[in-house]
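For reference, the structure is listed below as structure tokens.
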There are 2 protein chains.
Amino acid sequence: MTSTAPRHPFPEALRAQLQQRFGNRFQVGAEFRRQHAHTLSVISNQPPDAVVQPLSRDEVVDIVHLCSEHDVPMIPFGAGTSLEGHVNAPRGGLCIDMGLMRRIITVHAEDLDCVIEPGVTRKFLNENLRDSGLFFPIDPGADASLGGMVSTRASGTNAVRYGTMRDNVISLEAVLADGSVVRTGGRARKSSAGYDLARLLTGAEGTLGIVTEITLRLHGIPEAIAGGICPFPSVRAACDAAIVTIQSGLPVARIELLDALQVKACNAYSRLTMPEQPMLFLEFHGSDAGVAEQARRFGEIAAEFGAGAFQWTAKPEERSKLWQARHDVYWATRGLAPGLSSISTDVCVPISRLADCVEATQADIAATGLIAPIVGHVGDGNFHLGLMFDPEKAGENERVAAFLDRLIERALSMEGTCTGEHGIGQGKVKYMKREHGAATLAMMASIKHALDPRGLMNPGKILPMD
Amino acid sequence: MTSTAPRHPFPEALRAQLQQRFGNRFQVGAEFRRQHAHTLSVISNQPPDAVVQPLSRDEVVDIVHLCSEHDVPMIPFGAGTSLEGHVNAPRGGLCIDMGLMRRIITVHAEDLDCVIEPGVTRKFLNENLRDSGLFFPIDPGADASLGGMVSTRASGTNAVRYGTMRDNVISLEAVLADGSVVRTGGRARKSSAGYDLARLLTGAEGTLGIVTEITLRLHGIPEAIAGGICPFPSVRAACDAAIVTIQSGLPVARIELLDALQVKACNAYSRLTMPEQPMLFLEFHGSDAGVAEQARRFGEIAAEFGAGAFQWTAKPEERSKLWQARHDVYWATRGLAPGLSSISTDVCVPISRLADCVEATQADIAATGLIAPIVGHVGDGNFHLGLMFDPEKAGENERVAAFLDRLIERALSMEGTCTGEHGIGQGKVKYMKREHGAATLAMMASIKHALDPRGLMNPGKILPMD
């Protein structure tokens, strides 16, 4: 991907001002800049002109005023784990690395919430919450920053029970393009007091403002956790069992599909001996009696769909081994074809269409001659492909691009979305019109223009560059 | 409340066009217009100049184009059950009564969703869902239209388990001020594809567009439902028991506080013999074994806080009788002081501050000499006052207004909100700046101005009129 937008030189006056104000928290070295742009897929690395690391909301305000004066793009950066080029700087500009703003400001255990800075990562937060008996459930796999998770509207394996970032952000503080500081509300669990700005900023990928403080919902660490795996004769049987599980109100915490190729990859990478057929990985949260009942009821449902034995355990070490294998699918997939490049992509459809979508996609993978194991958050109708290919091979990039177009067309034709949780970034801008239509996209563009008339906030993400 | 904004005569040409196009679905009679404005509290009735009843999205588009040509305000109307003057027409204009758009378009049982028109009411929807084994849980008390519930971001007694409208709207279709039709997404359970326009329109009170189609999340009707009541020695003890219940992860479906005065009113109105002390009403959803376990665990928690016996039942008729009393608190409250006017208002605070807020409010009620029983959705930190007073008595309006100011100031000082579920309408516009601050309010105004530059969509609601 190359940008055709104008890229102006970084103003010398701004560089001097930032240098003086931020000292060694302002960097212009090439490698540092490269690491502050996209590094995780075949989307090209488009580094910013400079990187600054603020320590406070007030420093962010000053940075925004300075960039605004000099008409310089601002790209907020969390942990750099996003997958669609969200942190690239196609017009150059200043990367605002929030990594040093990583204070856990307050934990309100009685209210099941906490107030944190955006650079706090998911694992760091949970390590610090442990003594409170609470945890933050959203788990996108990578140890992402919470600011980044807010901005991409992240979710992950246990969204089926705990929701996505949309459901777990109580309120936000953000700095807008004009340098004003907004707070979207207090700590009340619900409010009907005006426009839902917290939800507008959640998933806005930094294009409307820079998140500087986050109030998050927390949950009690379950008394008991049980997990297990269950093989199915087909992807369809596994999806049908998942549908009935959800419909029956079973409060499953995780229900993940791996197709046969993904199981094979996991066996090889994680030294497991699972039967190489479609598999559901499950986790149940509750009381000791509760998780046992949930596991029993799931086993009965699975049996109706021809599943093999449902093996489950409440022992932490056995559970962890299984879920580690699930979390390592990215590396397991790469192990299938060492030396090739990989793309991780996701789509999401209504759960009733999931089996159709996965089966048609598997057929397309076979017909196209690609290596692409599938893993899905089936309780949400969301699935991922790890797509391995050789970008140097003649025609390969075009073949992959055409396959991705078909995948997204298929999901949209089933009333789904081009991304359930990875976000639009740069990689999926081209699908926005097809998904939303011209009028809805114009509504998004109106909002963007009203709040950032000069297009300085993370340009080229979600909406095309002017 | 009186409006100082200009009120232009309704254009004769528009009247003729609407008359011709809509026949007897276009009305200008005084009584019909009065019924299509605010009727439920002391907020004055400000009728529109005319009322039209569209049958389809395309008719709404035509109406919006016509009003726009003639620069005439548009006020969407559902069932007229809102409490803060949302349906008043302070600048005159056309009421768009969505009541005839009441089709249930599709129920997707496997996906636990349905697609409906906005005039469908909550009870009508649930009656029509019964055979599917599904239900729509949000219950604000009144038989509101779903379009109105979307627009006020309604919730109610079982939001503690099922969330609010924010959590249960999957996507929306809406007609914007320029007549364009937007769709905020498909039917996927989650999406990261751009700005969350569904959440922006939910709670926008018709000020950004007119909702013409709603895709809602549904839930399985629980296998078993149990309910009961539990008396406490004090409001604080009841709130503390509620906090521990929520913290322990007990998936209570409803947990409602009634203060002693409210219990007295309910006893009188519903012919019950509850002890006249603070009381929690509870409901549990789950399997037979599950609800029994939940009730047992709640009983243990309640006992730690000095509660009297927790009496519960899974028998539908006994449960219904109790919950009918809860739903009839509005009438029970009016029965406390026949002939007086009443205001129903709500605030919401973090649950840890709920007892403080309720106790301070009770003291203020006593000091001010008002009659105002309290009922609260304590799982959410949300409580209501039914405030009885005589608007004809000298100084009474000022006394009530000052009391309401103190109530909201108190909630805001505890990191709460001026409304948990009733919305802003006209009644709480004056508190928006205090709650959100100038910068956040300016952000809301920017969005409003970008999408409705001439301020024709439900003027005077949420934001002050220009």
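Here, each number is a calculation from the coordinates, and none is a lab measurement. All figures in this text were calculated on a predicted structure; none of them were measured in a lab. Backbone-built Cβ (ideal geometry, glycine too); neighbour counts: all protein chains shown.
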For the stretch B:224-330, the spread of Cα positions along each principal axis, largest first, Å: 35, 30, 21
From the C-alpha gyration tensor of the protein assembly as shown, square roots of 5λ in Å: 43, 35, 28
C-alpha center-to-center spacing [the stretch A:34-73, the stretch A:429-466] in angstrom: 20
Spatially proximal aspartates and glutamates relative to B:K321 (Cα-Cα < 16 Å; intrachain offsets below 8 disregarded): B:E256, B:E283
Antiparallel DSSP beta bridges within the stretch B:12-99, as percent of all bridges there, nearest 5: 20
Karplus (6.51, -1.76, 1.60) ³J(HN,Hα), θ = phi - 60°, over the stretch B:220-233, in Hz, Gly and Pro reported as x: x, 5, x, 4, 9, 10, 10, x, x, 10, 8, x, 10, x
Within-11-Å neighbourhood charge of A:S234 [Cβ basis; K, R +1; D, E -1]: -2
Theoretical ellipticity at 222 nm over chain B - DSSP helices of four or more residues, -39500 (n - 2.57) apiece, nearest 500: -11000 deg cm²/dmol
Proximal lysines to A:K315, defined as alpha-carbon separation beneath 29 angstrom and excluding residues fewer than eight positions away on the same chain: A:K123, A:K264
Kirkwood Rh (inverse of mean 1/r, distinct Cα pairs), the stretch B:311-466, angstrom: 17.6
From phi via Karplus (6.51, -1.76, 1.60), per-residue ³J(HN,Hα) for the stretch B:131-144 in Hz, x at Gly/Pro: 5, 7, x, 10, 8, 9, x, 5, 9, x, x, 5, 7, 6
Shortest-first distances to equivalent copies, position B:W331, nm, label 7 Å out along Cβ: 6.6
Pseudo-label separations to other copies for B:L100 - Cα-to-Cβ vector, 7 Å, nm: 6.5
Kirkwood hydrodynamic radius (C-alpha pairs) into Stokes-Einstein, the stretch B:120-196, 20 °C and 1.002 mPa s, D in µm²/s: 154
Mean separation of Cα contacts under 8 Å (6+ apart) over length of the stretch A:331-466, as relative contact order %: 26
Once exposed loop trypsin sites (Lys or Arg not before Pro) are cut out (DSSP; at most 13 other Cβ, 10 Å), longest piece of chain A: A:1-270
The stretch A:223-425: C-alpha pair distances exceeding 21 Å, %: 52
Space enclosed by the convex hull of the alpha-carbon atoms of chain B, per residue, Å³: 148
Hits among lysines - C-alpha to C-alpha of B:K430 under 30 Å, sequence gap 8 or more where chains match: A:K190, A:K448, B:K393, B:K448, B:K461
Kirkwood Rh (inverse of mean 1/r, distinct Cα pairs), the stretch B:12-99, angstrom: 12.9
Whole-Å distance, taken between Cα centres, linking the stretch A:77-143 and the stretch A:145-192: 11
Bridge type composition, chain A - antiparallel percent by DSSP, nearest 5: 90
